[in-house]
Structure formats: structure tokens, C-alpha cells
Amino acid sequence: MGVAIVAIGIGAALVAQWAVQNHRLQGSQFSLTCLSLYAAATLPNIAERSLHPMSRPRPRFMNSSIVIPGSYEQIGLVLTGCLLWLSTVVTLVLGLMMRQPLSAIAVACATACFAYMFGTSSPLADLRIAFGDRQTTTLTEEGIHFHFPPLLSIEEHKRNTEVWVRWKDHLAIGSVDDVNILFSGDLTHQGRWTISSHHLGLPYTGLDALMRHFGAHPEDRPLLSSPEGVTLVARILKDARARLAEGAEEGAD
């Protein structure tokens, strides 16, 4: 997403430069201003996408359960979308002030279309969702509960906002795609065996390790209702990360 927005920003600046040259106006300053605005607009989304893979899950004890907060994916995306809308207005005003109305209109229209389709089509509503709700993964003695915030205006794929998975079902991650995580295991009765693959605050390998551990070790489940469970969950996630790193090193060799 961030790369796409940068590409559109560069393209918009080139369009502006083309319009300026075709009308024999000296508008390099306007083109550079446009490019700077779009580059600045991408920073929240790029920062979130870059920092999230390096962040570590932070389980905490809350209300007799272990809670792992989700990512800030929605905030980065919505802020970038809102900044793109702001860039549209600023570009139009600057273009008119610099007496380059055609270039300003062309670039502003392209940016507005992109902001509407890929940023946010309802800025105020999306801001309330992004800052007012956040994905959480909650571990209890009975199972694991996934809470997802409502869909943003640009999110097309529907998802369940509340999903419960019981430890007694002995589920694990079967596959992951761009939209969903599909569970595998004891699927002999009806249930929700998929969740969204977005907004999670822990890696898929860590989630799989937690589900396998507490599914196979019922004696450890009571710890999830006490502060001691934080240490156990953190250790399981750390071991899963270490196994993943070892596998990557072996693959490189």
C-alpha cells in the first residue's frame, strides 16, 4: 500500500510537470511541492508497515485473562488517507496561487481519486474506528477470543468481529492468505474456523504455537487466569520466534 501511494505521488508530480511544460510555464517548484506533499502523506502507513514486523507481542494480564493488543495497521492507513485528502486541497490552493490552475486541477483530481479508492472514502468515520477500536487477542482458560474492529470504508472483505476458539477443539493454523487464517484440527462440529489475517498483534507462528500448546496441555490453561500466565505466554511466543529464526538460517544454508 505504501509503495503504491509513493508510486502514485511520483506519477502525479510527473503529470504536473508534463502539464507545466506543455503550457510553457516554469513550474518545477510546484512539481517538487506536490512530490513532497505525497511523500509526507505516505509516512504514517510506511512507518507502521516497516515497524510492525519488528515489534514484539506484549501480552498483559487484564480481567482474569491474558490480552495481546493488535497492530496499528488501521491508524497508519487512515492517517495516510486523510493526509492524501489534505494534500489534494493544498495542491489545488498552491497551484492557483502559483497561477498554474490546469496543473493543480489535474494533480488534485488524480490524488482525490486515489485517496477515495485506496485511502479513505469516509475520513471522519474511519478516524473514529481507527482510534476508538483496536484488535485484541484474549487468552482464557476456555479458549482464545479474537476481537476485530469494524471495517474501514475501503476494506472490501467481510470479517467476523468476534470469534471464539475453544482449546478443547485442538485447532491450529492450517493456511494463511491475504484475507483469512484458516484453522485445521477437530472440525467435527459447526464453528467459525476462519478469522481475518489482518490487524493481529502477534505473528502467525506465535498464534499457532499458543493454540497448539494450550490445546495439548490442559494443565497450563488455569495459568491464563493469573498474572503468571503472562510469563508462560511470552515464553511460548519467544520459543516460536526462535524456531522460526532457526528455520530461516537453515534455509539460507
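In table form, for the structure just shown:
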| quantity | calculated |
| --- | --- |
| Tally, over segment 198-209, of residues that are in a helix (DSSP H, G or I) and either more than 19 Å from HIS170 (Cα to Cα) or not polar (S, T, N, Q) (or both) | 5 |
| Residues of segment 129-147 classified as of a type in the set (A, V, I, L, M) and closer than 15 Å to LEU171 by Cα, total | 2 |
| From the options ARG60, ARG49, residue that is in contact (Cβ under 8 Å) with a residue 12 or more places away in the chain, open to solvent by 30 Å² or more (accessible area, probe 1.4 Å) and closer than 18 Å to LEU232 by Cβ | ARG60 |
| Top-ranked residue of segment 109-118 - restricted to ones that are under 26 Å from GLN74 (Cβ atoms) and free of Cβ contacts under 8 Å to residues at least 60 places away in the same chain, ranked as most open to solvent (accessible area, probe 1.4 Å) | TYR116 |
| Every pair of residues 6+ apart whose Cβ atoms lie under 6 Å, when the first sits in segment 65-76 and is at negative phi while the second is part of a strand (DSSP E or B) and surrounded by 21 or more Cβ atoms within 10 Å (Cβ to Cβ) | ILE66/LEU139; ILE68/THR137 |
| Answer from PHE30, PHE61 - the residue that is of a type in the set (A, V, I, L, M, F, W, C) and modelled with pLDDT under 80 | PHE30 |
| Of residues in segment 172-197 being at pLDDT 75 or above and part of a loop (DSSP other than H, G, I, E, B), the one nearest to the chain's Cα centre (by Cα) | SER197 |
| Among the candidates LEU139, LEU96, LEU102, LEU124, residue that is in contact (Cβ under 8 Å) with a residue 40 or more places away in the chain and open to solvent by 40 Å² or more (accessible area, probe 1.4 Å) | LEU102 |
| Selection from segment 210-248 of residues that are in contact with a strand residue (DSSP E or B) (Cβ under 8 Å, 6 or more places away or on another chain) and either surrounded by 12 or more Cβ atoms within 10 Å (Cβ to Cβ) or assigned to a helix (DSSP H, G or I) (or both) | LEU210, MET211, ARG212, PHE214, GLY215, LEU224, SER225, SER226, GLY229, VAL230, VAL233 |
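The values are calculated or read from the model by the stated rules, or taken from the named source; none is laboratory data. Computed from a prediction, not measured in an experiment: that's the story for all the values here. Glycine gets a Cβ as well: all are built from the backbone with ideal geometry, and neighbour counts include every protein chain shown. For the accessible areas, the whole protein counts, side chains as well, though only heavy atoms, and no ligand, DNA or RNA atoms are used. Shrake-Rupley method; radii C 1.70, N 1.55, O 1.52, S 1.80 Å.
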